[in-house]
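Working notes, beginning with the structure itself.
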Amino acid sequence: MNLNQEKWLSSINNSENSLIIDVRTQDEFNDGHIENSLNFNIYDAVKFIEEISKLDKQASVHVYCKSGVRSLQACEIIKGMGFSKVFNLIGGITEWKNKIV
């Protein structure tokens, strides 16, 4: 499900078991990321699948990238792996108005 920043952040704050996943490259992640996010590079497909498969399928998974394109693709993959609560950040970190670490 695609969510704007306000609804995406609200979903994170209102979920007991919430994960934030940045699907950009390690270099992009190192340049700045949303606090408490995990970095699983979608371009490294094998490792991406391995890391996602270790996660709790009951978790609320919040995904972002630079602009929202890679994260949308990642959401489809994650949903296909049996996760039901998967949320894409519309506009990605480029349009993020909150804290970046």
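Every number in this text was worked out from the coordinates using simple rules, so none of it is lab data. Fair warning: this is a prediction, and the values are worked out from it, not measured in the lab. Positions of Cβ are backbone-derived with ideal geometry, glycine not excepted, and every protein chain shown enters the neighbour counts.
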Within the chain, which is the longest segment that contains none of the trypsin sites (Lys or Arg not before Pro) sitting in a DSSP loop with at most 14 other Cβ atoms within 10 Å?
1-53
Separation of the LYS7 and GLU51 label points, Cα + 7 Å toward Cβ, nm:
2.7
Whole-percent tail of the Cα-Cα distance distribution for the chain, cut at 23 Å, equals 14
Along Cα→Cβ, 7 Å out, is where each label goes; now give me the distance between the ones at ASN98 and SER67 in nm to one decimal.
2.4
What length, rounded to one decimal in nm, is gained on full extension from ASP31 through to TYR43, with 0.36 nm per residue of separation minus their alpha-carbon distance?
2.6 nm
Placing each pseudo-label 7 Å from Cα in the direction of the beta carbon, GLU76 and ALA59 end up separated by a distance in nanometres of 2.3
